[in-house]
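Okay, structure first, notes after.
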Amino acid sequence: MEFLTIFLSSLITLISPAGVVVDRVAQTTVRKQFESVEQLEVRVDNAPSYQLVQGKADRIRIAGRGLFPAQDIRLEAFELETDPIQLNAARLRRGQPRLEKPLRAGVRLVLKQEDMNRALRSPIVLDQLKALGVNTLGQQTRQRAQRYTLLNPRIEFLANQRLRLQAELQEAADPDTLTIVVESGIAIIAGRQLQLLSPVVTLDDEAVPESIIRSIAKGLSDQSDLRQFEKTGLTARILQLNLTENQINLAAFVQVAPHK
């Protein structure tokens, strides 16, 4: 969300008090935040328009499809709408944007199953997925898990808010692989944590002990707790999370506090 203040700063720098086509400049500025964009619309609502030079905007709306924040990572749809924005005018003129009031925004995100599977093959995502998996385990199991490489992960959305994640595990210097399958329902606790519902985990078609599954479920819930970002001034809450047969729909609220 910090890119919003950078975006607004760049926008105001590019627009003279006499005014240019604000939305067109805003769209160009937002495009630069992504590797590539298939469709994008940006609107800056401001009356009177000179408020931009004072660091103010009534509302910014961004709607895009086919956005690539990084190579091989595609967002089917992304929508963002802010409340009024207020930056410190003096600092803005010095090129040092700083919020005067909290920045609040609603976000809607759609991820398609095929795009997520493409992203899962990305080295960046693979490393993050492995780190997440290791961190959800207990200390003894964690040390053992670090010896394995994660190969060919694939996700499948099922009915009734459930999904299946399948991958292969390969131990160092061993050509053989193990197939791990995780199937679970997903829910949100208090808008801030993921919860696995009735998870089932198998390793080469053999059920994983319940104690390990409970450890994984608790570790994932702890790792996904959005309260960990509040010390940086970012508050986020998930308002809605729906799984269909081929995509995830997510709606969230975010707030960025001014730096003290």
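The values are calculated or read from the model by the stated rules, or taken from the named source; none is laboratory data. This structure is a prediction, so every number in the text was calculated from the model and none was measured. We place every Cβ from the backbone using ideal geometry, glycine too, and count neighbours over all the protein chains shown.
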> Does the range 138-150 include one or more residues that are aliphatic (A, V, I, L, M) and either assigned to a loop (DSSP other than H, G, I, E, B) or at pLDDT 90 or above (or both)?
Replying inline: no
> With respect to ILE238, is the statement that it is closer than 30 Å to ASP83 by Cα, in a strand (DSSP E or B), of a type in the set (A, V, I, L, M, F, W, C) and not assigned by TED's automatic domain parsing to the domain that holds LEU129 true?
Replying inline: yes
> Which residues, counting only those in the range 158-206, are among the aliphatic types (A, V, I, L, M), over 23 Å from ARG227 (Cβ atoms) and assigned to a loop (DSSP other than H, G, I, E, B)?
Replying inline: LEU158, ALA159, ALA172, ALA173
> Before we move on, is ILE85 farther than 19 Å from THR28 by Cα, in the same structural domain as ARG237 (by TED's automatic domain parsing) and either among the charged types (D, E, K, R) or modelled with pLDDT of 90 or more (or both)?
Replying inline: no
>> Among the listed residues LEU151, LEU197, LEU158, identify the single one that is out of contact with any His (no Cβ under 8 Å at 6 or more places or on another chain), of a type outside the set (Val, Ile, Thr) and farther than 30 Å from PHE253 by Cβ.
In response: LEU151
> Among (1) modelled with pLDDT of 90 or more; (2) within 30 Å of THR82 (Cα to Cα); (3) not assigned by TED's automatic domain parsing to the domain that holds ALA252, which single condition is ARG108 missing?
Replying inline: (3)
> Limited to the range 223-235, what total is found for residues that are outside any strand (DSSP E or B) and in contact (Cβ under 8 Å) with a residue 24 or more places away in the chain?
Replying inline: 6
>> For the condition at pLDDT 90 or above, among the charged types (D, E, K, R) and under 21 Å from TYR148 (Cβ atoms), what is the one hit in GLU183, GLU210, GLU171?
In response: GLU183
>> Quick check on this structure: which one of VAL37, VAL30 is modelled with pLDDT of 75 or more, in a helix (DSSP H, G or I) and under 24 Å from the mean Cα position of the chain (by Cα)?
In response: VAL30
> Can LYS260 be described as modelled with pLDDT under 90, in a helix (DSSP H, G or I) and farther than 24 Å from ASN117 by Cα?
Replying inline: no
> Could you say which residue among GLN96, GLN71 is among the polar types (S, T, N, Q), in the same structural domain as ARG24 (by TED's automatic domain parsing) and without any contact (Cβ under 8 Å) to a residue 24 or more places away in the chain?
Replying inline: GLN96
> Which one of these does LYS218 not meet: (1) in the same structural domain as ASP127 (by TED's automatic domain parsing); (2) farther than 20 Å from MET116 by Cβ; (3) at pLDDT 90 or above?
Replying inline: (3)
> Pairs under 7 Å by beta carbon, first residue in the same structural domain as LEU126 (by TED's automatic domain parsing) and of a type in the set (A, V, I, L, M) in the range 146-158, partner surrounded by 13 or more Cβ atoms within 10 Å (Cβ to Cβ) and not in a strand (DSSP E or B), six or more apart or different chains?
Replying inline: LEU150/LEU126; LEU150/LEU129; LEU150/LYS130; ILE155/GLN113; ILE155/MET116; ILE155/ASN117; ILE155/LEU120
